[in-house]
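This report concerns only the one structure given below.
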Amino acid sequence: MTDTDRFDGRDIARIAVFAALLIALSIMGPIPGPVGVPITAQTLGVMLAGAVLGWRNGAAAVLVVLVLAAIGLPILSGGKGGLGVFVGPTAGYLIGWVAGAAVVGLIAHSGRRFAWWRVAVANSIGGILVVYAFGVPVQSLVMGLPLAETLLSSTVFLVGDFLKVVVATVLTVVIHRAYPVAFAPRRALAARD
């Protein structure tokens with residue numbers, strides 16, 4: 001394991017902050033949506049973790065939350081926790097959060113310079129498509145429904161998901177302007193020390 005493979009103190013602090021943010025957004029509970037479908041803020045936290053922290057630290061922050069939920073802490077939407085959430089209809093979405101945060105981070109941090117449009121694309125692909133790619137098939141399997149029917153029923157959440165993409169993109173731009181060092185590559189941070 002090389003020095004660049006390890007999590008340093010800054011990484012651990014950022015991972016902890018975003019894990020706490022995701023927990024706070026999860027505990028907040030559903031918000032009434034514009035078309036009568038409730039919106040949870042959990043995937044907003046997933047998008048922000050990937051967009052701000054990058055693929056590795058963003059995925060790690062989400063993984064910390066899932067480990068805490070697995071050991072029984074009631075930190076998911078609706079006060080849920082324990083191993084049962086990983087065998088229920090939403091299990092695929094939870095696993096999709098890890099992959100989603102990683103994909104958001106990979107895309108958002110892929111350019112030489114920060115670009116809001118890249119963050120928006122990253123949030124759309126990682127925060128919606130990737131999460132749904134894990135969540136819908138597992139939900140279909142657990143609920144014993146055809147995949148097409150499950151996918152169709154999931155489309156009612158797309159309005160809320162795209163609202164989260166907008167909010168996550170705007171917040172990422174604001175954070176980047178206010179605290180750009182949060183986005184600095186690890187090598188650049190080490191060179192400053």
Could you compute how fast the stretch 41-132 diffuses translationally, taking Rh as the Kirkwood radius over C-alpha pairs and applying Stokes-Einstein at 37 °C with viscosity 0.692 mPa s? Give it in µm² per second. 254 µm²/s
Radius of gyration and maximum dimension Dmax of the chain, Cα, Å: 16.6, 55
With every protein chain left in place, what is the accessible area per residue of the chain in square angstrom, probe 1.4 Å? 52 Å²
Where the only charges are on Cβ atoms (+1 Lys, Arg; -1 Asp, Glu), what is the dipole of the stretch 18-172 about its Cα centre, to the nearest 20 debye? 440 debye
Translational diffusion coefficient of the stretch 62-106 at 20 °C, 1.002 mPa s, Stokes-Einstein with Kirkwood Rh over Cα pairs, in µm²/s as a whole number. 202 µm²/s
What Rg and what Dmax come out for the stretch 7-70 when only alpha-carbon atoms are used, in angstroms? 12.7, 44
Rounded tilt (10° steps) of 131-143 against the dominant C-alpha axis of the chain: 30 degrees
In terms of the charge dipole of the chain, which places +1 on Lys and Arg and -1 on Asp and Glu at the beta carbon, the residue among Ser154, Val130, Leu83 farthest towards the positive end is Val130
Sort Ser153, Ser110, Ser124 by accessible area with a 1.4 Å probe, largest first. Ser110, Ser153, Ser124
The chain - mean residue ellipticity at 222 nm from DSSP helices (-39,500 (n - 2.57) per run, n ≥ 4, rounded to 500): -20500 deg cm²/dmol
Apportionment of accessible area to carbon and sulfur, the stretch 1-96, percent (1.4 Å): 73 percent
Let me know the Rg and Dmax you get for the stretch 110-162 when you use only its Cα atoms, in Å. 14.1, 46
Give the whole-number value, in cubic angstrom per residue, of the convex hull volume spanned by the C-alpha atoms of the stretch 88-193. 103 Å³
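Ordering Asp5, Asp11 from largest to smallest accessible area (1.4 angstrom probe), what's the sequence?
Asp5, Asp11
The values are calculated or read from the model by the stated rules, or taken from the named source; none is laboratory data. Since we're looking at a predicted model, the values are computed, not measured. Glycine also receives a Cβ, built like all others from the backbone with ideal geometry; neighbour counts cover every protein chain displayed. With ligands, DNA and RNA removed, areas are computed over all heavy atoms of the protein, side chains included. Shrake-Rupley method; radii C 1.70, N 1.55, O 1.52, S 1.80 Å.
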